[in-house]
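Here the structure comes first, spelled out in structure tokens, and everything after it is commentary.
The values are calculated or read from the model by the stated rules, or taken from the named source; none is laboratory data. None of these values were measured; they are calculated from a predicted model. Ideal geometry is used to build each Cβ from the backbone, glycine not excepted, and the neighbour counts take in all protein chains shown. Just so you know, the surface numbers come from the protein's heavy atoms only, side chains and all, with ligands and any DNA or RNA stripped out. Shrake-Rupley method; radii C 1.70, N 1.55, O 1.52, S 1.80 Å.
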Amino acid sequence: MSTEENENRREYPGFLKDWHTSDGDPLTPIGFLSTLTSGFEAILAIQWLFRPNFLEYRGTIFATENETEPSSAQKEALDIWISHFKGDTSKVEFKSNLTILPDVFTNLQLDEHIAEMSVFAESVADCWRGLLKTQFPNREFVVEIFDDPEEPYDPQITFYSKPKEPSNDPVVVYDVAAGQFAQLEGVHAALHLDLPPSARAGFAQLALPPQQALEINMRDVADRKALLGRIAPESDTLTGALRASGRSAVLFSGFEQLWVKNRAVAEELIRDTPEALATARAEGRTSHLAFADLTSDTAESVLNLLRNVAAEHAEPVPVFHYAPSA
């Protein structure tokens, strides 16, 4: 495996040793091109290896020959990887972008060019690094080469988003792109923050069965007791209300109005959320809560309060934060 620190020290390909200029000097790689009488089509085609199109699909970046969007087959493959790796972007990109260079040239005999293939792989990697940095300046990528001379499938090259450093944040926030619904593989209890109208149908499907999805309009909630009573009568805590009701998906709409008119009740609901979700996980229950109809400032305040409360719990609180325009 090579490092990303490529010193760009390249010797001329070995086959040029037998080629010389009229002065007897070794022919340069560029000079060798002037001797060609065919093969220009291959030179044109290889541009797509050095300079692929980088597209984004469900938050992952992948290399393709397509111009604007992935093909149906590519989408299907990416969906499988996203499900398999539970939405881990780095792992999905690593697998989906893995390119086995010998497989690119399946009709050529490469045995005598093993050393040159290593240099070739470094050149491709350099191009990918530069393009990714230019096209996605706000993301950090790792371009990695696997190059074992004894391995018939090497060199191989791939790229992936640099994994985030482990965090002690008591709230794990998953940003959900506009028009998308949260990828929930392996997450059975979570808060959906600022759930947009376009995602409410998907949220309702989290209820078991779907017709048991519950929506509570926070605009006319008088106090905490009334709020809990709408989930399960005679309940004293959110944890107890959810357990008693058997509800696995509860949507709190009109949250902004409650936040403005009755901040104490709104904050109490937020403070109860980490314990309710942690208890559901411990008891093996599915439990998804959603706060809808918030301003961006209120959503940020909710996250800050959650962090203060969740710090008291052993497990972080999963929060799916939806884009404002979703």
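Summary table below
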{"read-out": "Scope the stretch 281-326; condition among the basic types (Lys, Arg) and in contact with a helix residue (DSSP H, G or I) (Cβ under 9 Å, 6 or more places away or on another chain); matching residues", "value": "Arg285"}
{"read-out": "Residue match in the stretch 264-280 (condition: basic (Lys, Arg) and either farther than 18 Å from Asp194 by Cα or open to solvent by less than 70 Å² (accessible area, probe 1.4 Å) (or both))", "value": "no"}
{"read-out": "Index of the failed condition, Phe54 passing every other in (1) in contact with a strand residue (DSSP E or B) (Cβ under 9 Å, 6 or more places away or on another chain); (2) without any contact (Cβ under 8 Å) to a residue 24 or more places away in the chain", "value": "(2)"}
{"read-out": "For Arg219: the one exception among (1) free of Cβ contacts under 8 Å to residues at least 40 places away in the same chain; (2) basic (Lys, Arg); (3) within 23 Å of Asp88 (Cβ to Cβ)", "value": "(3)"}
{"read-out": "For Ile46: the one exception among (1) loosely packed, with under 13 Cβ neighbours inside 10 Å; (2) at pLDDT 75 or above", "value": "(1)"}
{"read-out": "Unmet requirement for Ile30, which otherwise passes all of (1) in contact with a strand residue (DSSP E or B) (Cβ under 6 Å, 6 or more places away or on another chain); (2) modelled with pLDDT under 85", "value": "(1)"}
{"read-out": "Tally, over the stretch 308-322, of residues that are open to solvent by 10 Å² or more (accessible area, probe 1.4 Å) and of a type in the set (A, V, I, L, M)", "value": "3"}
{"read-out": "Count of residues meeting criterion [basic (Lys, Arg) and either on the phi > 0 side of the Ramachandran plot or touching a Leu at 6+ places or on another chain (Cβ under 8 Å) (or both)] in the stretch 252-284", "value": "1"}
{"read-out": "Residue within the stretch 245-253 that is modelled with pLDDT of 95 or more and of a type in the set (Val, Ile, Thr) present", "value": "yes"}
{"read-out": "Residues satisfying the stated conditions in the stretch 183-228, i.e. at pLDDT below 90, surrounded by 18 or more Cβ atoms within 10 Å (Cβ to Cβ) and of a type in the set (Gly, Ala, Ser)", "value": "Ala207, Ala213"}
{"read-out": "Among (1) over 17 Å from the mean Cα position of the chain (by Cα); (2) open to solvent by 60 Å² or more (accessible area, probe 1.4 Å); (3) not acidic (Asp, Glu), the one test that Lys95 misses", "value": "(1)"}
{"read-out": "Long-range neighbours under 8 Å by Cβ, at least six apart or interchain, first residue under 14 Å from Leu49 (Cβ atoms) within the stretch 92-117, second open to solvent by 80 Å² or more (accessible area, probe 1.4 Å)", "value": "Ile100/Tyr153; Pro102/Pro152; Pro102/Tyr153; Asp103/Tyr153"}
{"read-out": "Which numbered condition Ala178 misses (of (1) under 20 Å from Ile270 (Cα atoms); (2) outside any strand (DSSP E or B))", "value": "(1)"}
{"read-out": "From Ala232, Ala213, residue being farther than 20 Å from Val317 by Cα, in contact with a helix residue (DSSP H, G or I) (Cβ under 6 Å, 6 or more places away or on another chain) and in contact (Cβ under 8 Å) with a residue 24 or more places away in the chain", "value": "Ala213"}
{"read-out": "Subset of the stretch 118-152 (residues that are closer than 22 Å to Pro29 by Cβ and without any contact (Cβ under 8 Å) to a residue 12 or more places away in the chain)", "value": "Gly130"}
{"read-out": "Leu305 closer than 27 Å to Pro170 by Cβ and either surrounded by 21 or more Cβ atoms within 10 Å (Cβ to Cβ) or modelled with pLDDT of 95 or more (or both)", "value": "no"}
{"read-out": "All positions within the stretch 238-260 that are within 19 Å of Ala190 (Cβ to Cβ) and open to solvent by 60 Å² or more (accessible area, probe 1.4 Å)", "value": "Arg243, Arg247"}
{"read-out": "Residue list for the stretch 116-167, restricted to those being surrounded by fewer than 17 Cβ atoms within 10 Å (Cβ to Cβ), over 18 Å from Glu65 (Cα atoms) and among the charged types (D, E, K, R)", "value": "Glu116, Asp126, Lys133, Arg139, Glu140, Asp148, Glu150, Glu151, Lys162, Lys164, Glu165"}
